[in-house]
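To start, the structure itself, in structure tokens.
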Amino acid sequence: MYKIEVKIDGQFINNFSNDSIYDLVFLDLEFWPDYLPLQGKAVQRIYGYTITRLLKRTNQQYIKVKFLEFEVEEEQLVKEIMQDISRLKNKTFIGFEIKKSDLKTLTNRFKALSIYPNVNEIKLFDFRDYSQEYGYKGLNGLFEQLEIKVNKKIDGRYFRKNPRKVFLRKSGWIDILLNMFEYCLEDAAGYFEIVSNWNKKNPLITKNMIISESLNSSELEKETSVTLINQDAEIFSLQNFQPTSHQLLSSLTVADLEALIIKIVQKTLKEEMQKLKHDHLLDQTKQINDPLKVFV
């Protein structure tokens, strides 16, 4: 799988709710439709996810973005999402349409993959529930309302159209992957800008606005099948990213932060592509040097 994992210094202010800022977790899943010809329908499957929160011990923003390298890895990815939710089960998960889109798809994939979550329910705040009342439309509309500058090149439809090109490494797949990372990183960087700016335009979130949603309607009838994920599977991982200047980072806009991270990702992906090309060339050379394989 492909993963970016970073920890970022910054100045974080809670103008969002009366709860601790360290109890807020932003979660966003990305999907793609998998067409099943024998059944004559498409199933929505999980292609990747973004999770971000503040770390109390270091007061850094932690961001993880992860995508499938191959579609057969979906079960492993879903199990890892469940692990993250389980570790943070006492916190509040926040997103736009997190209830009717992200959580619904996640529970559907639990059922399809015979994964039994070890958490009955989680606390949610869904921006969608208050969009009409507070006068914003979509997550981008919320960014605009709160005067948070973003510079997105794609939208959610991009994820529905392009995963197979990444799986098959078709022409332009690296640019597609970079666009996806850029999109998710920009949202992740903007989430705690929302937390800082929310009360400038909207009332603070109260406890009665936080809802509880089930992850398993049948309760815990079986032991969880979630197991620890082998973290060696990632193609690349950027950990403990530390800018050289704390003062510089605190003055960065969301777009600046996203651009800084993307530069590192581009460099890493180019290095990995060179390795892939080198390995592929070695494989071809071995085949040419083996008369039996050439004959076959």
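What follows draws every value from the coordinates through simple rules; no lab data is involved. Here the structure is a predicted model, which is why all the values come from computation and not from measurement. Virtual Cβ from ideal backbone geometry, glycine too; neighbours counted across all protein chains shown.
Spin-label pair N118-I13: with each label point 7 Å from Cα along the Cα-Cβ axis, the two points sit 4.0 nm from one another.
Electrostatic bookkeeping for Q61 treats Lys and Arg as +1 and Asp and Glu as -1; over the other residues with beta carbon under 9 Å from its beta carbon, the sum is +1. Each peptide in 132-143, 71-82 was scored by the mean count of other Cβ atoms within 10 Å over its residues; highest first, the order is 71-82, 132-143. Relative to the Cα centre, what is the charge dipole magnitude of segment 42-165, using +1 at the beta carbon of each Lys and Arg, -1 at the beta carbon of each Asp and Glu, and rounding to the nearest 20 debye? Dipole size: approximately 160 debye. In angstrom, the C-alpha Rg and Dmax of segment 1-50 are 18.1, 53. Would you kindly calculate the translational diffusion coefficient of segment 1-149, applying Stokes-Einstein with the Kirkwood radius from alpha carbon pairs, for 25 °C and a viscosity of 0.890 mPa s, and quote it in µm² s⁻¹ without decimals? It comes out at roughly 146 µm²/s.
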